[in-house]
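I have placed the structure first, in the form of structure tokens, so that the comments after it can refer back to it.
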Amino acid sequence: MTPTKRIEALLAGKKLDSPAINLWKHFPPYDEDPKQLIKKSIQFQERFNWDFVKVTYQGLYSIQDWGSKIEWPERDCEWPDTCSDVGKVVDPSIKNVEDWGKLEVLSMDEGEMANAIAAAKGLAEHYKGEAPVVVTVFNPLTTAAKMSGDKMLAHMRQDPDTFQKGLDVISDTTQAFVEELIKADVDGIFLASQFCSYDKMSAEEYEKFGCPYDLRILERADEKLWFNIMHMHADNPMFEMLSKYPVQALNWHDRLVDEYDLRKGREIAPDKIIIGGVDEFGTLLNGSDEEIKAELADALAQVEDGRIILGPGCCVPLNVDEDRLELAQNILKTI
């Protein structure tokens, strides 16, 4: 079965002959150029044949065109290996609360947004019908945080009206980006939220500044795309709230979050595919063969209906050699 047929089977409630898996990662420095990102993504997929292709941009793509200055990593690698570090914001575009009111909706025809669209389109064309292409989209709150450093929450609480004006512009831009992804014929989006955590925001705050913007994106994606994933990047996730979102799959740091293991996630969200089970910071990095096998077997046992895609809680760290991904894949075949 092709990856597309396998995901379609999971969505139909069927068990697969072999477990689904995707151990996605970042691709610096190739992710700074759309042609290079396409090339590396294809090389990565050809080596591993994951059950979907995740378009993983450099993590600052959504803020670059608003003027944040970025320091890019040293090219300490040779093809097809990746760098040991990613780009970092050295001068954020939002410094004062008044700056939120100065934002304007970005064009999709130039700059980094155009590059991101080109990469998604190229991969969608390459894999159409063979493997689902799922594109990373940061929710508006996450983009706001990336462009303001550690000041976003203070600004949000200091002057919520001005902050919301900026958030509306970010939302309009994100929505325009999703519309272009739909035109590019991708199969889904991977909506990442880094603030759906009770240790960062209250439920009331997220219901005002998170949910309406998330749902605007996801409801449109659900109309046109068939495999959308909600990623909860959180130490203390608002799981019950986000598990009700109109997506086909949920992903979170199940190995790092005590309250929500995969079994609990299945109980709360019986209608969703569960993605997780791999500790990318521990077992995948330096676990023995026996420890990797035990972790994968445990994950599969927790989701008894088989509607699981084994994966990390977030991107596999850059210090995990890609040979370790192949090791995990080979061990999975023995379970």
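Laboratory data are not the source of any read-out in this text; all were calculated from the coordinates shown. Every value quoted in this text rests on a predicted model; they were computed, and no experiment measured them. Heads up, the Cβs are rebuilt from the backbone with ideal geometry, glycines too, and the neighbour counts pull from every protein chain shown.
A Gaussian network model of the chain, with springs between Cα atoms under 10 Å, assigns the largest mean-square fluctuation among ALA124, ALA192, ALA12 to ALA12.
At 222 nm, what helix-only mean residue ellipticity would the chain give, in deg cm²/dmol to the nearest 500, using -39500 (n - 2.57) for each DSSP H run of four or more?
On the way: 13 runs with 140 residues, N = 335.
That calculation yields -12500 deg cm²/dmol at 222 nm.
State whether the stretch 56-185 is rounded, prolate or oblate according to the following rule on the C-alpha gyration tensor (a ≥ b ≥ c being the square roots of its eigenvalues): a/c under 1.5 gives rounded; otherwise a/b larger than b/c gives prolate, and the remaining case gives oblate. Verdict is oblate for the stretch 56-185.
Counting only DSSP beta bridges whose two residues both lie in the chain, roughly 15 percent are antiparallel.
Across q = 0.08, 0.15, 0.16 Å⁻¹, the stretch 3-332 modelled as identical point scatterers on its alpha-carbon atoms has Debye log10 I(q)/I(0) values of -0.35, -1.33, -1.52, in the order of the q list. Measuring nothing but how far apart in sequence close Cα pairs (under 8 Å, 6+ apart) lie, relative to its length, the stretch 77-154 scores a relative contact order of 35 percent. Taking a 26 Å limit on the Cα-Cα distance, which of the listed pairs LYS40/LYS165; LYS54/LYS244; LYS5/LYS25; LYS244/LYS333; LYS40/LYS272 fall beyond it? Correct reply: LYS40/LYS165; LYS244/LYS333; LYS40/LYS272. Between LEU300, LEU103, LEU284, the residue with the greatest mean-square fluctuation in the GNM of the chain (Cα pairs under 10 Å linked by springs) is LEU103. Comparing ARG157, ARG263, ARG255 in a Gaussian network model of the chain, where Cα atoms under 10 Å apart are tied by springs, the biggest mean-square fluctuation is seen for ARG157.
Only one residue of TRP66, LEU215, VAL55 has its Cα farthest out toward the positive end of the dipole of the stretch 3-332, where Lys and Arg carry +1 and Asp and Glu -1 on Cβ, and that residue is LEU215.
In a simple Cβ point-charge model (Lys, Arg +1; Asp, Glu -1; nothing else charged), the chain has a dipole of about 640 debye relative to its Cα centre.
When the trypsin sites (Lys or Arg not before Pro) in the stretch 1-70 are filtered for DSSP coil states and for at most 15 other beta-carbon atoms within 10 Å of their beta-carbon, the remaining sites are LYS14, LYS15. May I ask for the distance between the Cα centers of the stretch 1-75 and the stretch 257-323, given as a whole number of Å? Centre-to-centre (Cα) distance: 18 Å.
Summary value for the stretch 3-332: 19 percent relative contact order, contacts being C-alpha pairs under 8 angstrom separated by 6+ residues.
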